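The values are calculated or read from the model by the stated rules, or taken from the named source; none is laboratory data. The structure displayed is predicted, hence computed values, not measured ones. Glycine also receives a Cβ, built like all others from the backbone with ideal geometry; neighbour counts cover every protein chain displayed. Surface accessibility is based on the protein's heavy atoms, side chains included, excluding ligands, DNA and RNA. Shrake-Rupley method; radii C 1.70, N 1.55, O 1.52, S 1.80 Å.
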Amino acid sequence: MENTTSKAPACGPEETSSESAKVPATEPPGEVAAPELPGEEQAPQPQEPASQAPTAPSAPAATKPVPASEDIPSAPLLLTLEDVSHSSVTVSWEPPERLGRLGLQGYVLELCREGASEWVPVNARPVMVTQQTVRNLALGDKFFLRVSAVSSAGAGPPAMLDQPVHIQESVEAPKIRVPRHLRQTYIRQVGEAVNLQIPFQGKPKPQASWTHNGHALDSQRVSVRTGDQDSILFIRSAQRSDSGRYELTVRLEGLEAKAAIDILVIEKPGAPSSIRLLDVWGCNAALEWTPPTDTGNTELLGYTVQKADRKTGQWFTVLERFHSTTCTISDLIVGNSYSFRVFSENLCGLSASAAVTKGLAHIQKADIAAKPKGFMERDFSEAPSFTQPLADHSSTPGYSTQLFCSVRASPKPKIIWMKNNMEIQGDPRYRTLSDQGICTLEIRKPSPFDSGVYTCKAVNVLGEASVDCRLEVKASATH
């Protein structure tokens, strides 16, 4: 609404405006409560023809203009309606061009109901502000506003809004806030409940309506409850026919907002239409099947292939979410016979039944002729050789001592012990041992006489070998 400033005389006699400007203050400046009008309207007094600015068609009757005087200020400028809410109105203006010789004491804002003839002051006494808010107004009120500049000599001519002010409930454009999880396709299984709560905004309360694929909802299947801030769509037991696009429309005084929610109701798919065994070779079998006629109202995730041998009858999964309709199953056991079955799978899971092969896949044993190779026995014969020789040794008289060495030979060699190149076999002072190639000579309680060079000789059919060492038996010290 564009408001212009016009000079209009007061509803009553000239004295009314000047007296109203001197009433004691009862409201803070700049923000005042709406005045209460008297129950009986005063009839307008006869006016003399005078030149004046044009007024709105429903404006109150004008009075005789205030005569120009150098002591009285002129009319305020640019009276403008700043804001209108459901219970208040705010106006502003500019100071008059002429303030008068006596100076400006303030401004008086006046209100006149539509259809009435009396102007009622809004502020009890003049205020110096150039903007005022009138509060505590009732919905449906319609009235005119004017403002006059006041000096000690009286009130000057008023500036009045050309159009009446109408107090009505503020309108907030409707807006729908779709929850995040509903911005994508909303998927439910057959038999599950659908409960959509869609918040919206708007003031006053907007009208909400739903459609399904562009048509009105089936009230026997779908129920809708709309409150002040949301609308709830409820389906107790969803069926595949409930799939589609649901559109919520919120309307308010020529304004509207729309939101679409896509719902998909799905169920388990049917089994593949048919399956057959294409070929069997070696430990492999080739299968082929046809897709199911009913996919459950959604895309298939793939197929699950299982095998079972005739001996145990137990099913084992070999392929999961396999996308092709042909496959080769390998690593089958020779001599077994197998059956195969295929399930379809979607978001709801595997199909309730499967397509099963009619025949069995027999994994035949191949005819294998044994071709043994001649076994060549290895000859381990070896001439004697010492892997650990004898070591020189010293001993104390009266304490038995031992000499060690190790020999390797095949066949097992004969061990001969000698002292100073003389065989000592059969001497009771010596004891010989031979175990796993380790040869031992034990000398019992040796004396200095047993000192000398000891030799161990190993002899077999392939040869001989010998090692020797020196033994020293120290004589006891004499005093």
Given the criteria in contact with a Ser or Thr (Cβ under 9 Å, 6 or more places away or on another chain), under 20 Å from THR185 (Cβ atoms) and of a type outside the set (Ser, Thr, Tyr), does ILE198 qualify?
yes
For PRO29: the one exception among (1) at pLDDT 80 or above; (2) surrounded by 15 or more Cβ atoms within 10 Å (Cβ to Cβ); (3) under 60 Å from the mean Cα position of the chain (by Cα)
(1)
Could you count how many residues in region 239-248 are open to solvent by less than 10 Å² (accessible area, probe 1.4 Å) and over 28 Å from the mean Cα position of the chain (by Cα)?
0
Does region 329-337 include one or more residues that are within 15 Å of TYR303 (Cβ to Cβ) and in contact (Cβ under 8 Å) with a residue 24 or more places away in the chain?
yes
Region 307-335 - residue that is of a type in the set (A, V, I, L, M) and part of a loop (DSSP other than H, G, I, E, B) and, of those, farthest from the chain's Cα centre (by Cα)
VAL334
Say whether the condition of being open to solvent by less than 70 Å² (accessible area, probe 1.4 Å), touching a Pro at 6+ places or on another chain (Cβ under 7 Å) and farther than 13 Å from TYR246 by Cα is met by at least one residue in region 220-227.
no
List pairs: first residue in region 284-300 and in contact (Cβ under 8 Å) with a residue 40 or more places away in the chain and under 16 Å from LEU319 (Cα atoms), second residue hydrophobic (A, V, I, L, M, F, W, C) and part of a loop (DSSP other than H, G, I, E, B) anywhere in the structure, Cβ distance under 7 angstrom, at least six positions apart or on different chains.
ASN284/LEU332; ALA285/LEU332
What number of residues in region 301-324 are open to solvent by 30 Å² or more (accessible area, probe 1.4 Å) and either free of Cβ contacts under 8 Å to residues at least 40 places away in the same chain or among the aliphatic types (A, V, I, L, M) (or both)?
16
When only residues in region 138-178 that are assigned to a strand (DSSP E or B), within 47 Å of the chain's Cα centre (by Cα) and among the aliphatic types (A, V, I, L, M) count, which is surrounded by the fewest Cβ atoms within 10 Å (Cβ to Cβ)?
ALA173
Within region 179-201, can you find the residues that are more than 18 Å from ILE266 (Cα to Cα), in contact with a Lys or Arg (Cβ under 7 Å, 6 or more places away or on another chain) and open to solvent by less than 20 Å² (accessible area, probe 1.4 Å)?
PHE200
Residue ID - surrounded by the most Cβ atoms within 10 Å (Cβ to Cβ), chosen from residues in region 67-109 that are in contact (Cβ under 8 Å) with a residue 60 or more places away in the chain and in contact with a Gly (Cβ under 9 Å, 6 or more places away or on another chain):
PRO73
Return the only residue of GLU464, GLU472, GLU442 being open to solvent by less than 40 Å² (accessible area, probe 1.4 Å), of a type in the set (Asp, Glu) and either touching a Ser or Thr at 6+ places or on another chain (Cβ under 7 Å) or touching a residue at least 24 places away in the same chain (Cβ under 8 Å) (or both).
GLU442
Tally up the residues in region 116-137 that are more than 19 Å from GLN163 (Cβ to Cβ) and assigned to a loop (DSSP other than H, G, I, E, B), please.
9
